[in-house]
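I have placed the structure first, in the form of structure tokens, so that the comments after it can refer back to it.
The values are calculated or read from the model by the stated rules, or taken from the named source; none is laboratory data. Bear in mind the structure is a predicted one, so any value in this text is a computation, not a measurement. Glycine gets a Cβ as well: all are built from the backbone with ideal geometry, and neighbour counts include every protein chain shown.
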2 protein chains.
Amino acid sequence: MGTHSTRQRIVEYEQRMNDKSEVGIDLAVGIDIGGTSVKGGLVDREGTVSNRFTLKTADFDNPRSLVDELADRIFSNSDRSELLGIGIGAPNGNFYRGSIEHPPNLAWKGVTPFASWMAEATGVPCLLTNDANAAALGEMLFGAAKGMSDFLFITLGTGLGSGIVVGGELVYGHDGTAGEIGHVIVEPEGRPCGCGRRGCLEQYASATGFVLTYRELNPDAAPDITSREVSERAQAREQAALEAFEQTARILGLTLANSVAYTQPEAIFLFGGLAAAGDLLFEPVRTHFEANLLNIYQGKTVILPSGLSESDAAILGAASLIWQNES
Amino acid sequence: MGTHSTRQRIVEYEQRMNDKSEVGIDLAVGIDIGGTSVKGGLVDREGTVSNRFTLKTADFDNPRSLVDELADRIFSNSDRSELLGIGIGAPNGNFYRGSIEHPPNLAWKGVTPFASWMAEATGVPCLLTNDANAAALGEMLFGAAKGMSDFLFITLGTGLGSGIVVGGELVYGHDGTAGEIGHVIVEPEGRPCGCGRRGCLEQYASATGFVLTYRELNPDAAPDITSREVSERAQAREQAALEAFEQTARILGLTLANSVAYTQPEAIFLFGGLAAAGDLLFEPVRTHFEANLLNIYQGKTVILPSGLSESDAAILGAASLIWQNES
């Protein structure tokens with residue numbers, strides 16, 4: 001589980017958290033770094049978010065300037081002695097190293113030790129992970145997965161992110177980046193993916209992939225049509241839009257049924273733009289899921305909408321890193 | 001994690017184990033129930049197997065008669081006060097319930113509470129799991145996965161079994177039967193599988209599936225040709241035999257690369273009849289595996305032969321259930 005310096009970093013983090021826990025501090029900072037915006041806020045033990053702020057990701061051409069701005073924002077709202085820790089969700093976040101590694105959607109590339117820089121800049125302990133992993137923790141602590149110890153969390157947005165919880169713990173894997181179900185190859189000669197390979201689930205079952213499918217079925221559609229607009233057409237019983245849901249559900253339902261063969265979750269939560277389509281998506285996904293499940297798994301895993309609100313999920317999830325790792 | 005009575009069973013088990021641990025007992029019984037034979041033996045903390053015995057599975061037309069015979073065998077070799085526990089690996093074994101559920105290859109069907117019956121018949125605590133799960137524990141405690149906390153264990157025999165270890169613990173899942181990678185559907189309209197569906201990995205990458213592929217490539221081959229005989233032909237550079245390895249490795253390598261996206265293991269161990277082919281299998285599997293890995297996973301997971309001997313693996317694995325769950 002990582003290198004000596006990684007362990008050292010986590011041990012130090014735990015010691016500092018311990019000191020703070022003992023004096024009853026009960027606020028964590030949650031920060032979500034996305035391709036478009038960086039969102040932050042303070043989160044208490046009940047999951048109440050306060051002092052929200054939003055920054056434009058494009059305003060920061062290097063990670064140091066973002067760290068400095070975030071430190072300013074955090075201390076304009078709170079005293080460091082009030083803060084138990086800072087939790088960060090980021091694309092390609094590595095939990096063990098606290099680093100953002102080769103993010104596909106940010107201006108800065110390479111490997112950035114973002115958690116260490118934040119901790120140095122603020123004097124507050126900091127943990128960082130993949131954004132979908134953070135959201136999975138948020139679902140467990142504050143959403144519909146409360147009390148569940150085995151579940152999958154899937155975000156169907158621009159990309160397809162996932163977090164896997166086993167035995168009440170997020171699965172980080174050997175090197176800190178487990179849980180990339182969006183990059184399971186479902187069509188070996190299929191659509192090109194941003195990762196450089198072909199046929200990843202993300203290219204079919206994210207909101208983006210869904211729109212691609214719709215535009216194949218309806219070549220007259222505007223190139224910039226959104227998944228929400230396609231949902232509205234399906235609501236109006238447009239045949240191509242309904243067929244886009246059916247084709248998307250066929251691939252997603254089969255892949256989720258295959259996923260059960262790994263960790264046998266109690267529930268699979270779907271979140272994000274495409275999940276907002278509700279029954280239009282959930283009904284055919286559940287049908288294809290059940291039809292493809294191994295007999296011993298049938299009837300034992302439910303597919304559910306996330307219990308988190310779209311607006312708070314990212315901040316709650318990031319802050320959950322702190323509550324979940326409190327010793 | 002299962003029902004109240006399940007928890008009760010495990011709590012009672014742990015109490016009884018505790019009592020025994022305290023007086024320094026250091027022998028466990030390992031029993032492997034297979035379609036052809038039932039193997040058992042005594043295993044100490046160093047993984048030394050003694051007092052081996054083998055029974056013919058077909059000699060027992062009901063599970064009660066097998067339990068009685070096993071109890072006799074165990075006490076012909078040891079006193080119950082010497083035994084810390086009995087670990088059992090069985091097809092379709094459910095860890096939480098200690099039951100064998102709808103086994104495809106045994107004469108008795110339905111759900112048998114085998115672990116409870118063994119504990120009653122012997123007065124010794126008993127734990128039971130899927131045979132491949134047990135073997136994964138054996139690999140971790142006594143084989144090549146010593147010291148690893150995240151790995152996959154795959155058996156390529158008559159079927160394709162798997163055990164998944166995350167954070168040093170076997171993944172049992174919500175209902176006790178996680179880890180069935182052999183039943184990931186890799187060809188939706190593919191070969192019929194014993195589970196009633198089509199296109200499961202097991203139908204392509206088990207020893208049985210490999211022979212099916214070979215017989216498609218060489219229709220003149222004897223219907224009862226074994227995977228070992230096909231390996232010998234590949235060793236002699238027979239084209240159809242080499243192509244059978246290539247086709248098998250293509251499907252297995254891709255599916256293992258997809259598997260990394262779930263739990264990001266440090267290693268994947270291949271065991272069983274087909275793995276005995278050595279480099280004929282491992283080389284093309286590694287090639288297809290690396291070619292299909294997501295960039296962030298490349299070079300971080302190794303595919304290795306099991307470190308367990310074919311003859312002791314099943315008994316060691318079953319006994320490992322006791323050593324791993326010792327409190």
Quick check: anything in the range A:76-92 surrounded by fewer than 24 Cβ atoms within 10 Å (Cβ to Cβ), part of a helix (DSSP H, G or I) and at pLDDT 90 or above?
-> no
Report whether or not residue B:134 is among the aliphatic types (A, V, I, L, M) and either surrounded by fewer than 24 Cβ atoms within 10 Å (Cβ to Cβ) or outside the structural domain of residue B:37 (by TED's automatic domain parsing) (or both).
-> no
Say whether the condition of being more than 8 Å from chain A (Cβ to nearest Cβ), within 30 Å of residue A:302 (Cβ to Cβ) and either aliphatic (A, V, I, L, M) or buried (at least 24 other Cβ atoms within 10 Å of the Cβ) (or both) is met by at least one residue in the range B:223-241.
-> no
Condition met for residue A:266 (among the acidic types (Asp, Glu) and either closer than 22 Å to residue B:176 by Cα or not assigned by TED's automatic domain parsing to the domain that holds residue A:199 (or both)) | yes
Selection over the range B:294-318 where residues are surrounded by fewer than 22 Cβ atoms within 10 Å (Cβ to Cβ), within 14 Å of chain A (Cβ to nearest Cβ), of a type outside the set (Gly, Ala, Ser) and in a loop (DSSP other than H, G, I, E, B) yields a count of 2
Select from the range B:98-109 the residues that are within 12 Å of chain A (Cβ to nearest Cβ) and in contact (Cβ under 8 Å) with a residue 12 or more places away in the chain and list them in ascending order.
-> B:99, B:100, B:101, B:103, B:104
Residues in the range B:253-262: is at least one aromatic (Phe, Trp, Tyr), at pLDDT 95 or above, farther than 18 Å from residue B:191 by Cα and surrounded by 19 or more Cβ atoms within 10 Å (Cβ to Cβ)?
-> yes
Residues of the range A:161-174 being surrounded by fewer than 23 Cβ atoms within 10 Å (Cβ to Cβ) and either under 20 Å from residue A:251 (Cα atoms) or at the interface with chain B (Cβ under 8 Å from one of its Cβ atoms) (or both), which ones?
-> A:167, A:169
